[in-house]
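Some notes on the structure that comes next.
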Amino acid sequence: MKTKMSKIIPIMILVFFSMSCNDANKNYSNNKIKKCEDCLVGKEETAVAIAEAILFERFGKDKIENQKPYVVNVKQDSIWKLEGTFNKLGYGGTFYIEISSKDAKVLEIYHGK
């Protein structure tokens with residue numbers, strides 16, 4: 001029994017590690033809008049794609065991508081709230097954007113300094 005467990009544990013660790021490293025730039029947390037059947041933006045991946053398109057144009061692709069991983073949450077079960085992560089260099093602000101799940105309208109957008 002001990003021999004089987006000693007072989008299984010490293011395999012489990014390897015599987016977990018490979019799953020967590022798969023596509024490192026897209027750490028989606030499976031956030032979803034729960035109560036909206038006719039929403040345009042029902043999945044986190046869609047919210048991120050819309051936000052990136054707008055943020056890249058407004059603030060610059062490099063500036064926004066340097067704020068990965070993004071923090072994505074659902075607000076009031078109908079609004080996607082995305083925020084950048086403070087960069088490793090220790091200066092500058094982060095973006096903030098809210099997108100309506102119903103019509104993909106940007107409700108709020110700004111970038112801190």
Are any of the pairs K63/K102; K35/K61; K35/K113; K34/K68 more than 31 Å apart by Cα-Cα distance, and if so, which?
K35/K61; K35/K113
Length released on extending from N31 to N73, taking residue separation times 0.36 nm less the Cα-Cα span:
14.4 nm
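Using 0.36 nm per residue of separation minus the Cα-Cα distance, give me the extension gain between N87 and K105 in nm, one decimal.
Working: separation 18, 0.36 × 18 = 6.48 nm, distance 2.73 nm.
Full-extension gain reported as 3.8 nm.
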FRET efficiency for D38 and K113 from the Cβ-Cβ distance with R0 = 35 Å, rounded to 0.05, comes out at 0.35
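Each reported figure results from applying straightforward, stated rules to the coordinates on display, with no laboratory input. Not measured: the values here are computed from a predicted model. We place every Cβ from the backbone using ideal geometry, glycine too, and count neighbours over all the protein chains shown.
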